[in-house]
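Peer 1: Here's a structure for you.
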Amino acid sequence: MILVTLGTNDKQFTRLLKAVESMILQGVIEDEVIVQAGFTTYESDVMKVVPYLDRNEFNTYLQTADLVICHGGVGTIMTALQNNRKVLAAARLACYAEHVNDHQIQILEAFEERGLLIYMKDLELMETYLEQAKTFTPATFTSNTDHMVELLESWIEAHV
């Protein structure tokens, strides 16, 4: 099963859903595809598309997904990586009115450089990215949260 999630941005990201649907229609994707579309309105006969999944449903799909396809949102990526999922991610781009700027490019480049995901720079090449995902083993994700909490606690103790 493939989980596609577009985050909570209030702008449409139909470009990614069209690319996924095209791969299904061409027979490249044969798995069931579940889409949490957020604010993106999209109807499909070949994917289950819902605006939002409740937390339990989302976690169930995430735990059973062989692959997560998503936008370049840090929260979405971190959740998938923390659950040891393979991630294919595409940036929402300002030129398509999918975001106000192109900061997701830098986010995805940074995650890709660390070997944590496959950054889909060109959705016309989605078949290639899907093929790469079959043999892709993400680098081990390690959180820096504990270190950040320690830094904040030290600062508060010293200044408050």
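Peer 1: In terms of Cα to Cα distance under 29 Å, which lysines are near enough to LYS11, apart from those fewer than 8 places away along the same chain?
Peer 2: Of all the lysines, those that pass the test against LYS11 - Cα under 29 Å, at least 8 places apart if same chain - are LYS48, LYS86, LYS121.
Peer 1: Sticking with this one: Which label belongs to the value computed from this structure, given these candidates for Rg/Rh (Cα atoms, Kirkwood Rh): (i) 1.01; (ii) 0.93; (iii) 0.96?
Peer 2: (i)
Peer 1: For the chain, with only Lys/Arg (+1) and Asp/Glu (-1) charged at the beta-carbon, what is the dipole magnitude about the Cα centre, in debye rounded to 20?
Peer 2: Values: 11 positive and 23 negative charges, 23 e Å.
Charge dipole of the chain: 120 debye, to the nearest 20.
Peer 1: Another question, if that's okay. Peptides 104-112, 21-29, 63-71, 42-50: what's the order by average Cβ count within 10 Å, highest mean first? If you can, show how the numbers build up before the last one.
Peer 2: Working: 104-112: 17.4, 21-29: 15.4, 63-71: 20.2, 42-50: 13.7.
Per-residue Cβ counts within 10 Å, averaged per peptide and sorted highest first, yield 63-71, 104-112, 21-29, 42-50.
Peer 1: From Cα pairs below 8 angstrom and at least 6 apart in sequence, can you work out the relative contact order of the chain, rounded to a whole percent? Write down the numbers at each step before the final one.
Peer 2: Numbers: 235 pairs, mean separation 32.7, N = 160.
About 20 percent, as a whole number.
Peer 1: Could you derive backbone 3J(HN,Hα) for segment 91-107 from the dihedral phi with the Karplus parameters 6.51, -1.76 and 1.60 (θ = phi - 60°), listing whole Hz in sequence and x where the residue is Gly or Pro?
Peer 2: 7, 6, 10, 5, 5, 9, 6, 8, 7, 7, 8, 10, 4, 5, 4, 5, 4
Peer 1: Additional query: 222 nm [θ] for the chain, helices only, -39500 (n - 2.57) per DSSP H run of 4+, per residue, to 500?
Peer 2: On the way: 6 runs with 67 residues, N = 160.
So the helix-based figure for the chain works out to -12500 deg cm²/dmol.
Peer 1: How would you rank 8-14, 151-157, highest first, on the average number of other Cβ atoms within 10 Å across their residues?
Peer 2: Details: 8-14: 15.9, 151-157: 9.7.
Going from most to least packed, we get 8-14, 151-157.
Peer 1: Hey, what do the phi angles of segment 65-76 turn into as Karplus ³J(HN,Hα) couplings, whole Hz, using 6.51/-1.76/1.60 and θ = phi - 60°, x for Gly and Pro?
Peer 2: So the Karplus estimates, Gly and Pro as x, are 5, 7, 8, 10, 10, 8, 7, x, x, 4, x, 5 Hz.
Peer 1: Then there's this: Decide, for segment 89-139, between rounded, prolate and oblate: order the square roots of the alpha carbon gyration tensor eigenvalues as a ≥ b ≥ c, take rounded if a/c falls under 1.5, and otherwise choose prolate if a/b is larger than b/c, else oblate. List each step's numbers first, then the result.
Peer 2: Working: a/c = 3.97, a/b = 1.52, b/c = 2.62.
Note, shape of segment 89-139 comes out oblate.
Peer 1: Based on Cβ point charges of +1 for Lys and Arg and -1 for Asp and Glu, what charge dipole magnitude is obtained for segment 17-64 about its Cα centre, in debye rounded to the nearest 20? Write out the running numbers ahead of the final one.
Peer 2: Values: 3 positive and 8 negative charges, 36 e Å.
With only Lys, Arg, Asp and Glu charged at Cβ, the dipole is about 180 debye.
Peer 1: Search the structure for amide H atoms under 5 Å from the amide H of GLN12, placed 1.01 Å from N in the peptide plane, and list their residues when 5 or more places away or on another chain.
Peer 2: Amide H to amide H, under 5 Å and 5 or more residues apart or across chains, GLN12 pairs with nothing.
Peer 1: Counting Lys and Arg as +1 and Asp and Glu as -1, what is the net charge of the other residues whose Cβ lies under 12 Å from the Cβ of LEU130? Please list the in-between numbers first.
Peer 2: Numbers: positive: LYS86, LYS134; negative: GLU30, ASP31, ASP66, GLU127, GLU131.
Taking every other residue near LEU130 into account, the sum is -3.
Bear in mind these aren't lab numbers, they're just calculated from the coordinates by the rules spelled out. In this text the structure is predicted, and so the values were computed from the model without any measurement. A quick note on method: Cβ atoms are made from the backbone with ideal geometry, for glycine too, and the neighbour counts reach across all protein chains shown.
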